[in-house]
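As structure tokens, the structure follows; a few thoughts come after it.
Read-outs throughout are calculated quantities, based only on the coordinates presented, and are distinct from any laboratory measurement. Keep in mind that what you see is a predicted model, and the values were worked out from it rather than measured. For neighbour counting, all protein chains shown are included, and Cβ atoms are generated from backbone atoms with ideal geometry for every residue, glycine included.
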Amino acid sequence: MDKFLVEKSPPLRGTVRISGAKNSALPILAASLLGTEDIILEDVPKLKDVEVMCEVLTCLGAKVEILDKGIIKINSKDINNYETPYELMSKMRASFLVMGPLLSRTGKTKTSMPGGCAIGTRPIDLHLKGFKALGAKIDVNHGNIGAYAERLIGDRIYLDFPSVGATENIMMAAVMAEGETIIDNAAMEPEIVDLANFLNKLGADIKGAGTSSIRIKGVKELGGATHSVIPDRIEAGTFMVAAAITNGDVVVENVITSHIKPIIAKLREAGCQVIENENKDKVRVIGSASPRAVDIKTLPYPGFPTDMQAQFMALMSVAKGTSVIIETVFENRFMHVDELKRMGADIKIDGRSAIIQGVDSLMAAPVKATDLRAGAALVLAGLVSDGVTEISDIYHIDRGYENMEEKFAQLGANIRRI
Ligand code: EPZ
């Protein structure tokens, strides 16, 4: 099993280019099952999760070619299967996103109940509420879950929580349903907008993506398209925090600054200079000698992203003062706290709140990545810890960060994979 060895590093300097967004590429790959002609996806990040999703599409009968430089070619004309095998579902819960497309294309879909993961139970009740509203029968047995529908008929669906996955799955189940579907209290993340733009290129008729009410008018068939995946706002935020925690001066390029407003705001509150370029596709982050403690509350977009919570906690661990981080999206997304405490961080958990008392410096220690973003947080902490921080279980990190150690190393970080 690979590990990262991270040593105290000088202030990071230089330019890093952000890859395509994992959480946009995965739903768009699933949505490729809806097309009946060639689909070309560009700027797809080279990640374990993307490979697994391509395996899922292949086992459903789609032709998938992973070309070089982040280009993937898909043709789903002849999909001949509607069951996602357990071993692929257990590897990555985002495989669950193929249910909506399969329901649209074949009228049936069967998969294993998605596993939970370190950050929470990850229920799917809202996905199923949407499928039922469109006329599907749901059948749960022996850990498998099936949805079947002779016809899908548009309906009005209210999401009790603006779930990203449920919004995506219902949107994909509704694109060829008869009549009109409206999703109320829909998720508004940029990845939802990217998915809707892709579906509309295929011939769908979706309006309102990015707002809390999305309207989908059913169409007969979807064709093919070429689409570039938006940049990964969470990878961008991770490198911005790396500049802040090392008091560095880093230019992060290939971003969409309107997608990272909460991160820019909080880094400025913490005392960093954050300069956006004219084109709004680059940010320069200049750290400060001693970051100030700021409070964070994670919320659905456009609030502060839960996927940046762990990385920010690493920064607050060495900030001046006391900060409070409230995690409102997932019920158990503090697994990184114990690991940071092993490195000398002073953090107390009280329900959904973590109270962080900044310390002068952290100490290297053997630690474990408990989930993708927790792993990233430990790398950030390792950059400013005395000694060599050994991070194990970094397969979590490889799921969501393309060439992380190379990108950090080119900024002057002392990090290597063993
Ligand atoms: C997506 O997960 C992302 N994953 C997550 O990123 C991200 O943290 C999350 O959205 C929130 O932004 C992908 O896009 C592949 P949700 P998803 O459904 O869709 C509750 C990362 O690090 N909920 O918005 O699973 C759920 O329990 C990953 O890249 C229900 O109650 O997130 C949770 O508390 C981690 N019922 C909350 O909604 C449902 O049917 C948010 O979940 C579905 C969700």
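Here are the numbers:
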item: Dipole moment magnitude, nearest 20 debye, region 22-228 about Cα centre, only Lys, Arg, Asp, Glu C-beta charged; result: 240 debye
item: Stretch gain in nm, segment Arg416-Ser353, where the contour uses 0.36 nm per residue and the Cα spacing is subtracted; result: 19.4 nm
item: Over region 331-418, volume per residue of the alpha carbon convex hull, in Å³; result: 94 Å³
item: Fraction of alpha-carbon pairs over 19 Å apart in region 307-378 - percent; result: 22 percent
item: Residue order, fewest to most beta carbons within 10 Å, for His336, His259; result: His259, His336
item: Spin-label model distance (nm) - Glu37 vs His142, 7 Å beyond Cα toward Cβ; result: 4.2 nm
item: Rounded FRET efficiency, nearest 0.05, which uses the C-beta distance separating Ile66 from Asp2 and R0 of 25 Å; result: 0.70
item: Computed lengthening from Val388 to Glu406, 0.36 nm per intervening residue step minus Cα-Cα distance; result: 4.7 nm
item: Hull shadow area, averaged, region 1-87 [alpha-carbon convex hull, nm²]; result: 8.0 nm²
item: 13 Å Cα-Cα reach of Lys201 towards aspartates and glutamates, excluding residues that sit fewer than 8 places from it in its own chain; result: Glu37, Asp38, Glu221
item: Relative contact order (percent, whole number), region 22-228, Cα cutoff 8 Å, 6+ residue spacing; result: 21 percent
item: Lys, Arg +1 and Asp, Glu -1 on Cβ, resulting dipole of the chain about Cα centre, debye, nearest 20; result: 360 debye
item: Whole-Å semi-axes of region 22-228's equivalent ellipsoid (Cα gyration tensor); result: 22, 20, 17
item: Dipole moment magnitude, nearest 20 debye, region 125-192 about Cα centre, only Lys, Arg, Asp, Glu C-beta charged; result: 220 debye
item: Eligible aspartates and glutamates near Lys48 by straight Cα distance, threshold 12 Å, same-chain separation 8 or greater; result: Asp398, Glu402
item: Evaluated at q = 0.22 Å⁻¹: base-10 log I(q)/I(0), Debye formula over Cα of region 158-216; result: -0.74
item: Exposure proxy ranking, count of Cβ atoms within 10 Å, fewest first, for Ser317, Ser392; result: Ser392, Ser317
item: Acute angle (nearest 10 degrees) that the helix 164-174 long axis makes with the longest principal axis of the chain, alpha-carbon atoms; result: 20 degrees
item: Taking Ser385, Ser32 and counting other C-beta atoms within 10 Å, the order from fewest to most; result: Ser385, Ser32
item: Rg to Rh quotient for region 252-403, alpha carbon positions, Kirkwood Rh; result: 0.95
item: Whole-Å distance, taken between Cα centres, linking region 366-404 and region 123-147; result: 36 Å
item: Region 2-49 and region 169-190: distance between their alpha carbon centers, rounded to Å; result: 25 Å
item: Relative contact order of the chain, pairs being alpha-carbon contacts under 8 Å that are 6 or more residues apart, as %; result: 20 percent
item: Estimated FRET transfer efficiency (Asn277, Ser228; beta-carbon r; R0 30 Å; 0.05); result: 0.90
item: With Cα atoms, 0 to 90° folded angle of helix 190-202 axis to the chain main axis; result: 30 degrees
item: Ratio Rg/Rh, restricted to the chain and using Cα atoms, in which Rh is the Kirkwood radius; result: 0.98
item: At R0 = 51 Å, FRET efficiency that the Cβ-Cβ distance of Lys73 and Arg156 yields, to 0.05; result: 0.90
